[in-house]
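Read the figures in this text as sums done on the coordinates, not as results from a lab. Since the structure is predicted, the reported quantities are computational estimates derived from the model, not experimental observations. Cβ placement follows ideal geometry from the backbone for every residue including glycine, while neighbour counts extend to all protein chains displayed.
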């Protein structure tokens, strides 16, 4: 590994830490001083009520954070301190979160949670240090250098977040970025006492839902966008061919997991309708057509796919069936994550647009340090 090299581990660690904070402090309401010190959880007695799910989620939830922090330290050449950086970072975040929970009546800080979180972070950091000593991380670096162009870390971070964004139910499968139904009313309230309120586009209550053909078209565009992002970071077209089954397999599993979390395991594949299959088939044909395209052209076509898909999705009215799905999702066990996945689903296409604009505008021949 190159000392001081840029790496995807740092942004992924920051994003994952944000996920932990969100899940631990959701819904961020009712803050008040409850007459106890923020560190009172340190010597608190063993909690009366706990479940195996809580125990495992605390342990497993912090392991990736410790691993990512350790990998980030290894990328900087901090081999001797990588384990302590990963384990200590996870421990410090857990202590901060537990202390903040003392200000939330709906949350119960616990030294047991802190111990499990710290243990999970230490295990994750230790695993990455062991893998580094075995040469696994070095082989990943060589693989990444062979497969992806320099400066691909931004695209890889977005690609890693894309399956998480798919977990929140959408009116059209894989159709991320449908924000108009939430954004326009919020803007109207914000601008209600200003002359700028008349500038907002009017949304008809009688708007027609998307036709089946348009839905299939949106599915195809929504799949092509992340696929072309990956194509734009790959060196040769044979690597793109090898990536195709991995991408479609991962997309199918992510959509199936979303459906299972929302409606139950027995309905995991209910979203695989004929319209969805047509859209996925069209995306595959489009991907085969784009295999030989230059990297910059891939990013340009990605921007076109995102622009058209966002325009179509945000013209469609809210689907009553989707509203029922969201109610089921938001009342389930994963309520703490529903808001985060929703924000990812809203913002991912716009972050991808910013990435694509930067990639297209990058001067030819510019060399960035590989991660």
Point to revise | Extension gain from residue 253 to residue 361, taking 0.36 nm per residue of separation minus the Cα-Cα distance | key: 35.5 nm
Revision key, fill the gap. At the level of C-alpha centres, the distance separating the range 92-148 and the range 235-258, in angstrom, is 27
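Using mean Cβ contacts within 10 Å as the protection proxy, how do 59-70, 170-181 order, highest first?
Result, highest mean Cβ count within 10 Å first: 59-70, 170-181.
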Study note, to complete from the structure: Rounded to one decimal in nm, the spacing of the 7 Å Cα→Cβ label points at residue 308 and residue 160 is 3.2
Check your understanding: With each label point set 7 Å from Cα along the Cα-Cβ vector, what nm distance links residue 192 and residue 289?
Key -> 4.7
Point to revise | Sequence ranges 114-120, 257-263, 267-273, ranked by mean other-Cβ count within 10 angstrom, highest first | key: 114-120, 257-263, 267-273
Review point. Using the per-residue mean of other Cβ atoms lying within 10 Å as a proxy for protection, in what order, highest first, do the peptides 105-112, 223-230 fall?
Key: 223-230, 105-112
Practice item. Would you mind calculating the gained length between residue 136 and residue 297 on full extension (0.36 nm times residue separation, minus the Cα-Cα distance), in nm to one decimal? Key: 54.6 nm
